[in-house]
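Here's the structure, in structure tokens; my notes come after.
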Protein chains: 2
Amino acid sequence: MSELKDYMYSVGERAKRAARVIANADTGVKNQALAFIADEIEHQQSAILQANALDVKAGQDSGLDAALLDRLALNEERVQAISEGLRQIIALPDPAGEISQINSRPSGIKVGQMRVPLGVIGIIYESRPNVTADAAALCLKSGNASILRGGSEAKHSNQAIAACITKGLNQAGLPTEVVQVVETTDRNAVGELIRMEDFVDVIIPRGGKGLIERVTKEARVPVIKHLHGVCHVYIDDLADKEMAKSIALNAKTQRYGTCNTMETLLLAEGIAKDILPELAKLYTDKGVELRGCEKTCQIIPSCEKAVEADWDEEYLAPILSIRVVDDMTAAMDHIHQHGSGHTESIVTADYSKAVQFLREVDSSSVMVNASTRFADGFEYGLGGEIGISTNKLHARGPVGLIGLTTQKYIVLGDGHIRQ
Amino acid sequence: MSELKDYMYSVGERAKRAARVIANADTGVKNQALAFIADEIEHQQSAILQANALDVKAGQDSGLDAALLDRLALNEERVQAISEGLRQIIALPDPAGEISQINSRPSGIKVGQMRVPLGVIGIIYESRPNVTADAAALCLKSGNASILRGGSEAKHSNQAIAACITKGLNQAGLPTEVVQVVETTDRNAVGELIRMEDFVDVIIPRGGKGLIERVTKEARVPVIKHLHGVCHVYIDDLADKEMAKSIALNAKTQRYGTCNTMETLLLAEGIAKDILPELAKLYTDKGVELRGCEKTCQIIPSCEKAVEADWDEEYLAPILSIRVVDDMTAAMDHIHQHGSGHTESIVTADYSKAVQFLREVDSSSVMVNASTRFADGFEYGLGGEIGISTNKLHARGPVGLIGLTTQKYIVLGDGHIRQ
């Protein structure tokens with residue numbers, strides 16, 4: 001334990017030192033490093049695949065479930081996608097160093113804000129080797145040092161990718177400690193990492209609810225957390241019926257396992273009867289299991305009765321809970337009580353209701369007449385995302401390069417003193 | 001203890017309910033409430049002064065030190081200043097509801113960000129009754145509910161001001177739970193408040209280092225903390241000598257007890273001999289005790305020798321540590337090692353050094369050719385401040401109304417679904 005502490009401490013210390021270098025590196029140098037890393041990943045494709053095969057074999061032997069195995073497994077296409085992802089990050093504008101409008105104050109000083117990297121970012125993630133490259137690249141581009149701690153099931157894959165990153169940094173003349181992949185698979189390493197407040201500026205956990213709850217509870221370092229998505233679509237009585245059905249279907253069935261998938265459909269009493277029967281058929285055709293409130297079950301007799309726990313559930317599966325509510329106020333009350341603050345959408349043709357819903361629903365993304373599935377960094381134009389924050393402070397919603405930076409005040413004087 | 005928990009829980013629950021109302025209140029209504037509160041404080045001046053006299057008497061009897069008694073004591077002028085402060089907040093623009101530029105995305109959706117209140121803000125402060133009105137007003141204007149927990153030494157004063165706030169909210173037709181002043185003086189109330197993550201969105205501690213360290217350590221709710229200010233002025237060898245002396249004198253002596261006061265003066269070796277003798281005389285004339293490094297003591301023989309601990313000290317007093325450094329890099333290394341990330345200033349006529357210092361020094365305010373004493377919400381044009389954050393995340397530097405808000409994404413569609 002003390003040896004582990006020493007190891008993590010030295011990782012932290014090196015990261016902090018490297019952070020000062022990368023914070024002030026020119027955009028061109030950072031982009032060059034990213035290009036070298038992308039090249040190296042392409043060159044090392046077969047080595048990466050060999051390492052990955054070891055992980056997959058071990059995962060199969062230890063009975064890892066199919067979904068996890070799928071996330072873990074790489075093939076030529078997936079390795080190619082990793083290096084393409086890096087090249088996309090090269091194309092993004094560098095947020096570091098941006099100066100916001102400078103204002104002159106009555107005292108004569110000029111005051112503005114400069115965007116700067118956060119410093120050292122700790123990322124804790126599960127067994128998805130692509131996250132190693134992706135997270136490292138986003139941190140690097142925004143001028144941060146990173147400490148990456150991936151799932152032990154992907155250890156060989158992660159180390160193979162880490163070797164490419166180290167080589168790329170080296171080729172660009174940057175300290176290799178700008179990106180460090182934690183080598184030990186000791187679970188206590190996470191506990192150390194999230195408490196190293198002298199070295200780490202923020203922790204970003206990517207993974208299941210259990211991981212994130214543990215990290216949030218034990219961390220001494222601030223956490224940008226992505227808790228879970230219990231997302232809602234509310235169909236107002238003034239909605240266009242075809243639009244409502246199309247959005248409700250897409251929000252649930254376009255993908256089941258994502259955090260921005262709708263988990264509960266709310267319908268105004270005035271429209272429920274008109275669209276629920278057809279919608280239920282569309283869902284059933286796709287194999288979605290429906291669990292409804294009493295009124296829903298009256299309209300769709302085949303619908304299973306929802307229990308109270310259904311309203312708080314993130315199914316991440318072809319299951320949908322449905323509730324008929326009196327009006328938008330009741331829908332917003334339901335969201336306030338059961339939502340996770342991730343993403344909610346209203347379908348309505350009514351201007352006032354649209355504006356009120358946008359203003360009053362307290363979630364990281366609030367939508368009008370659009371599928372919740374759009375809540376994602378690429379769709380929003382961030383060029384990538386390191387996660388979707390359900391925090392209220394600092395970064396809320398999809399977190400891209402900007403979310404990995406902060407702003408400091410800058411003051412330009414010419415000998416000004418305070419009177 | 002369980003009774004206290006119940007009480008704090010009910011305070012939190014009421015705040016959370018009130019937060020939904022105030023978040024969506026019109027600017028006009030919020031301003032009206034602030035005007036009613038300001039009026040009421042003026043009307044109740046004698047009642048407030050009577051309550052304050054009880055606190056001051058108790059403070060004197062229990063041997064409160066002179067500085068604390070001075071902060072605690074109100075008089076007609078100070079009460080007037082409190083209501084004037086409220087009227088100034090009325091004049092500030094309302095940050096809530098502001099929508100940032102909306103961009104069209106290739107999918108057809110339009111994506112922007114809306115600024116919204118944080119929700120419930122807990123403020124823990126020491127015995128300064130003016131903070132009760134000031135903090136309540138900033139939270140109210142930005143659309144947040146607040147839970148205020150002042151020092152027990154000011155309990156009568158705080159309750160008298162709280163009564164005015166309650167009346168003003170009531171007159172404006174707002175729930176009185178928008179601002180709640182914790183009634184118990186039980187110290188454990190703070191412990192409860194900072195752990196009520198279901199009800200409180202952010203904690204802002206205002207007070208000494210001890211309070212803030214305790215809150216930071218024990219809190220489960222995110223904290224906007226203002227730790228301490230070990231601020232530096234670095235005089236470069238290319239500085240204008242008269243400007244350098246004027247800034248160095250102002251940064252230390254304009255006020256001693258503030259967090260943006262310079263505590264350590266750094267001078268490039270090339271200029272130290274030229275200006276230190278005269279500067280030392282100016283400081284000594286003002287009664288400032290000097291503690292210098294070896295080189296400083298060679299130039300100013302009367303200077304006391306600094307010990308290692310001096311470089312980390314926030315004196316808040318007429319004491320200054322002085323260090324002669326090789327160059328700007330050495331100065332930045334010193335700041336990196338000993339600074340608290342609050343405010344640093346360089347005095348130089350050199351463009352490249354100015355730019356490099358602005359970029360590389362990792363503090364909440366970084367200045368060129370200006371006194372560190374400018375680091376404050378009023379001087380920066382924020383119209384007021386609820387504290388100066390030494391956090392990197394969310395708000396950094398002086399925190400005004402904007403720092404009490406967050407941004408959520410809004411998506412405007414017209415039936416858009418994800419392909």
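The values are calculated or read from the model by the stated rules, or taken from the named source; none is laboratory data. These numbers come from a predicted model, not from an experiment. Note that each Cβ is placed from the backbone with ideal geometry, even for glycine, and that neighbours are counted across all protein chains shown. Quick note on the areas: whole protein, heavy atoms, side chains included, nothing else; ligands and nucleic acids left out. Shrake-Rupley method; radii C 1.70, N 1.55, O 1.52, S 1.80 Å.
At-a-glance table
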| read-out | value |
| --- | --- |
| The protein assembly as shown, accessible area per residue, ligands and nucleic acids excluded (1.4 Å, Å²) | 40 Å² |
| Separation between Cα centres of the stretch B:27-99 and the stretch A:138-158, rounded to whole Å | 51 Å |
| Candidate aspartates and glutamates for bridging to A:Lys5, where Cα separation is under 14 Å - those fewer than 8 sequence places away on the same chain excluded | A:Glu13, A:Glu183, A:Asp186, A:Glu192, A:Glu197, A:Asp198 |
| Residue-averaged 222 nm ellipticity for chain A, from DSSP H runs of 4+ at -39500 (n - 2.57), nearest 500 | -14000 deg cm²/dmol |
| Rounded accessible area of B:Ser62 (nearest 10 Å², 1.4 Å probe) | 90 Å² |
| Prolate/oblate/rounded label for the stretch B:20-118 (Cα gyration tensor, a/c 1.5) | prolate |
| Size descriptor, Kirkwood hydrodynamic radius, that averages inverse alpha-carbon separations across the protein assembly as shown, Å | 28.9 Å |
| Calculated diffusion of the stretch A:183-282, Stokes-Einstein form, Kirkwood radius summed over Cα pairs, 20 °C and 1.002 mPa s, µm²/s | 129 µm²/s |
| Net +/- balance of residues flanking B:Asp376 in space, Cβ distance below 13 Å, scoring K and R +1, D and E -1 | +2 |
| The protein assembly as shown: antiparallel DSSP beta bridges as a percent of all, rounded to 5 | 25 percent |
| Farthest toward positive dipole pole in chain A [+1 Lys/Arg, -1 Asp/Glu at C-beta], among A:Ile123, A:Ala349, A:Gly28 | A:Gly28 |
| Portion, in percent, of the accessible area of the protein assembly as shown that falls on carbon or sulfur, probe 1.4 Å | 48 percent |
| When the convex hull of its Cα atoms is projected in every direction, mean area for the stretch B:231-374 (nm²) | 7.0 nm² |
| Antiparallel bridge percentage (DSSP; both residues within the stretch B:231-374; nearest 5) | 0 percent |
| Listed residues A:Lys30, A:Lys286, A:Lys392, most fluctuating in chain A (Gaussian network, C-alpha, under 10 Å) | A:Lys286 |
| Accessible-area value, B:His43, 1.4 Å probe, nucleic acids and ligands omitted, Å² | 130 Å² |
| Above-threshold pairs, the threshold being 19 Å between Cα atoms, out of B:Lys273/B:Lys305; A:Lys141/B:Lys225; A:Lys209/A:Lys286; A:Lys392/B:Lys16; B:Lys241/B:Lys353 | A:Lys141/B:Lys225; A:Lys209/A:Lys286 |
| In Å², nearest 10: area of B:His394 left accessible to a 1.4 Å probe | 50 Å² |
| Net dipole in debye of the protein assembly as shown [+1 Lys, Arg Cβ; -1 Asp, Glu Cβ; about Cα centre; nearest 20] | 360 debye |
| Rg over Rh, two decimals, chain B (C-alpha only, Kirkwood Rh) | 1.03 |
| Residues with amide H under 5 Å from that of A:Ser340, placed H, sequence gap 5 or more | A:Val230 |
| Residue of B:Ala160, B:Ala309, B:Ala25 that the Gaussian network model of chain B assigns the largest fluctuation, springs spanning Cα pairs under 10 Å | B:Ala309 |
| Contact surface A-B: accessible area buried, both sides summed, square angstrom, 1.4 angstrom probe | 6100 Å² |
